[in-house]
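Notes for the one structure printed next.
Where a number appears in this text, it was derived from the coordinates with a stated rule and is not lab data. Everything quoted here is computed from the prediction, not taken from an experiment. Because the Cβ atoms are built from the backbone with ideal geometry, glycine has one as well, and the counts that use them run over all protein chains shown.
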Amino acid sequence: MKYLITLVALMALTSCGDSKNETTAAAPVEKKEIKKTPLEASVARGREIYRENCVTCHMTSGKGVPGAFPPLNPSNWLTDKRTESIHAVKYGLKGPIEVNGQSYDNIMLSLGLENDEVVDVMNYTIQTWNSGDMVILEEVEAVEK
């Protein structure tokens, strides 16, 4: 009986009061979206394209395979021969090239990337492992087979 009276008293106390003081759920915390610059957004997309298409030959590190697949990390060919690099990513590459003083003569098949994907993967490799200006869509579109 003692417990029953205590239970009824607790219920009465908790049900009293102003309806404005009802228990409310905590307001959700808004996540502030960090805005990326166009270059940062392109590099982020390019990282995914690189992971899907390029790591098999150029490795996750971009160091390539000596004597078989040239490094992109770093790569004087990538930065000094910008148009040729865009052409290779866009259409593939066959024939000898020299990267960082080492000769390579292998075949890079066309990956079938769209122009905007070429922009993004070029920006990823340049900005991650090298230095250079942002590659833009008009620049890639101007490179013809």
For the table LYS63/LYS94; LYS32/LYS63; LYS36/LYS81, the rows whose alpha-carbon distance is greater than 26 Å are LYS32/LYS63; LYS36/LYS81
Test of the criteria: in the range 37-129, which trypsin sites (Lys or Arg not before Pro) are in a DSSP loop and have at most 11 other Cβ atoms within 10 angstrom of their Cβ?
none
So who's got an amide H within less than 5 Å of the one on LEU111, skipping anything under 5 residues away but keeping other chains? H placed 1.01 Å off N, in plane.
GLY92
How are the alpha carbon pair distances in the range 65-145 distributed across 10 Å bins from zero to the largest one, expressed in percent?
19, 54, 26, 1
Residue by residue through the range 71-76, what is 3J(HN,Hα) from phi via Karplus (6.51 cos²θ - 1.76 cosθ + 1.60, θ = phi - 60°)? Round to whole Hz and write x for glycine and proline.
x, 10, 10, x, 8, 5
How many angstrom lie between the C-alpha centres of the range 115-132 and the range 52-81?
12 Å
Which order, highest average first, do 119-127, 69-77 follow once you tally other Cβ atoms within 10 Å for each residue and take the mean per peptide?
119-127, 69-77
Would you please name the GluC sites (Glu not before Pro) within the range 46-145 that are DSSP coil residues with at most 14 other C-beta atoms within 10 Å of their C-beta?
GLU114, GLU144
Collect residues whose amide H, placed 1.01 Å from N in the peptide plane, falls under 5 Å from the amide H of VAL99; neighbours closer than 5 in sequence don't count.
TYR104
